[in-house]
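Trainee: A single structure is presented below for examination.
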Amino acid sequence: MRQEIELTVNGRTYELSAEPRKTLLAVLRDQLQLTGTKEGCSTGDCGACTVLLDGDAVTSCLVLAVQANGREITTVEGIASRGKLHPVQKAMVEWGGLQCGFCTAGIVVAGVAMLEANDSPTEDEIRQGLAGNLCRCTGYTKVVEAMQGAAEEMRGGSR
């Protein structure tokens, strides 16, 4: 039996019908066609499906769509503003913090949440903040450097 839900995704409100067992990830990808959020492990371990739920980073494969009813969701598609990359997105490109790109969306979203909570993280705090995001291609060094660069830019500094 499907349930009517209302989601605000990237600032746009959607009224839709979802099966109670469907994850937020499935609804985002399959019903709203927001495919930037990736499905990796489906167990909440890899972080590829990270989105912001009311401003908090969550793995959308572990959240049922009905649990998100009436809530604010930001996907990687909603991170850029007015056609301008967010400092985290920009830094990931400039510092070479991505390779195959599969995990990048989750890292970007988690990085945004982390830097909004702490605009001057240490290297250890960055590594801890991104610990839920697995990447098989990078060595994380470039990702950490990208987050440091993004933090500096977000504070108004120059690199």
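Trainee: How do the peptides 2-11, 25-34 rank, highest first, by the average count of neighbouring beta carbon atoms within 10 Å per residue?
Mentor: Values: 2-11: 15.4, 25-34: 18.8.
Highest mean packing first, the order is 25-34, 2-11.
Trainee: Now, a different point. Only Lys, Arg, Asp and Glu count, each charged at its Cβ (+1, +1, -1, -1), so figure out the dipole size of the chain about its Cα centre, rounded to 20 debye.
Mentor: 400
Trainee: Okay, next question. Please identify the DSSP H helices in the chain that span no less than 15 Å along the helix axis (Cα) and have a mean Kyte-Doolittle hydropathy of 0.0 or more. Numbers along the way, then the final one.
Mentor: Values: long enough: 104-117 (20 Å, 1.79); 141-154 (20 Å, -0.10).
Helices meeting the span and hydropathy rule in the chain are 104-117.
Trainee: Still on this structure: Rounded to the nearest 0.05, what FRET efficiency do Asp30 and Ala80 have when you use their Cβ-Cβ distance and R0 = 30 Å?
Mentor: With a Förster radius of 30 Å, E is 0.85.
Trainee: Which value at 222 nm does the chain reach when only helices count, each DSSP H run of 4 or more adding -39,500 (n - 2.57), with the total divided by all residues and rounded to the nearest 500 deg cm²/dmol? Could you put the intermediate results ahead of the total?
Mentor: Working: 4 runs with 43 residues, N = 159.
Computed ellipticity for the chain at 222 nm equals -8000 deg cm²/dmol.
Trainee: Next up: Mind listing the Cα extents of the chain along all three principal axes, in Å, largest one first?
Mentor: Cα spread of the chain along its principal axes, largest to smallest: 52, 31, 23 Å.
Trainee: A further question follows. Highest mean first, what order results for 99-107, 133-141 on Cβ atoms within 10 Å?
Mentor: Details: 99-107: 19.8, 133-141: 15.3.
In descending order of packing, they fall as 99-107, 133-141.
Trainee: When each pair of different Cα atoms in segment 3-78 is counted once in the 1/r mean, what is the Kirkwood radius in angstroms, to one decimal?
Mentor: Details: mean 1/r = 0.0842 Å⁻¹.
Evaluated on segment 3-78, it is 11.9 Å.
Trainee: Glu6 to Thr122: extension gain in nm, 0.36 nm per residue of separation minus the Cα-Cα distance? Let's see the in-between values first.
Mentor: Numbers: separation 116, 0.36 × 116 = 41.76 nm, distance 3.83 nm.
The Glu6-Thr122 span can extend by a further 37.9 nm.
Trainee: Give, in whole angstrom and from largest to smallest, the semi-axes √(5λ) of the equivalent ellipsoid of segment 87-154, with λ running over the eigenvalues of the Cα gyration tensor. Spell out each step's value before the answer.
Mentor: Values: eigenvalues 53, 30, 21 Å².
The equivalent ellipsoid of segment 87-154 has semi-axes of 16, 12, 10 Å.
None of the figures in this text is laboratory data; all of them are computed from the coordinates on show. Being a predicted model, the structure only gives us computed values, none of them experimental. Cβ sites come from the backbone with ideal geometry, for glycine too, and all protein chains shown count toward neighbours.
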